[in-house]
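Before any comments, here is the structure.
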Amino acid sequence: MFMGQYDHSIDAKGRIIIPAKYREDLGETFVVTRGLDGCLFLYPQTEWQIFVDKLKELPSNQNTRKIQRQFLSKAMEVVTDKQGRILIPSMLREAAALDKEVVFVGMMNRVEVWDKGRLEAQELEEDEEVLEAAMDELDISL
């Protein structure tokens, strides 16, 4: 399970070091794709296949095609180098507005990659009362 948050930087060529805590579970080859809310998703091969299988099971309609296009057309397989780095394709760097400072966020079955400023801005927007209401709606109690 992926959890935790790690700050890293991205170099001018678009290379970034994968946090050591995530490397083993992601594997040497994994999938990076456009995520939601302005981030990228990193999926280990097994989790990516589970996700793709779910997309295959969706009914054939306009919404399904939009969802499939969102994730599949931007998906790229990446391989870590000897230093534990990957090259994030420019199309995906632009989609997530990745600049210099990035944040890796563990999200159970995947890892999110955020531009640090974008993540901080989103976290400022989040309100504790909204979070509590969402938890109540989903029947999550602590």
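The values are calculated or read from the model by the stated rules, or taken from the named source; none is laboratory data. What you see is a predicted model; the values in this text were computed from it and never measured. When the accessible area is computed, the model is the full protein with side chains, heavy atoms only, and any ligands, DNA or RNA have been set aside. Shrake-Rupley method; radii C 1.70, N 1.55, O 1.52, S 1.80 Å.
For this structure, a couple of remarks:
- Here the 3J(HN,Hα) profile of segment 15-23, calculated from phi with Karplus coefficients 6.51, -1.76 and 1.60 at θ = phi - 60°, is 8, 9, 7, 6, x, 3, 4, 9, 4 Hz, Gly and Pro shown as x.
- A simple rule links phi to the HN-Hα coupling: the Karplus curve 6.51 cos²θ - 1.76 cosθ + 1.60 with θ = phi - 60°, which for segment 69-76 gives 5, 3, 8, 7, 5, 9, 6, 9 Hz, with x for Gly and Pro.
- Hull volume in cubic angstrom per residue (convex hull over the Cα atoms of the chain): 133
- Scanning residues 5 or more positions from K74 or on other chains, those with amide H under 5 Å from its amide H are R34, with H placed 1.01 Å from N in the peptide plane.
- To put it simply, the accessible area of segment 42-142 at a 1.4 Å probe is 51 percent carbon and sulfur.
- Phi-based couplings in Hz for segment 81-90 (Karplus 6.51, -1.76, 1.60; Gly and Pro marked x): 8, 5, 8, x, 9, 10, 9, 8, x, 4
- Order of exposure, largest accessible area first, which applies to R65, R110, R15 with probe 1.4 Å: R65, R15, R110
- Nearest-10 value in Å² for the accessible area of V52, using the 1.4 Å probe: 20
- Ordered from highest to lowest accessible area with the whole protein assembly present and a 1.4 Å probe, D25, D37, D11 read as D37, D25, D11.
- Two-decimal ratio, segment 62-110, of alpha-carbon radius of gyration to 2.2 N^0.38 Å: 1.39
- Note on the chain: Lys pairs 8 or more places apart or on different chains, Cα atoms under 20 Å apart, count 12.
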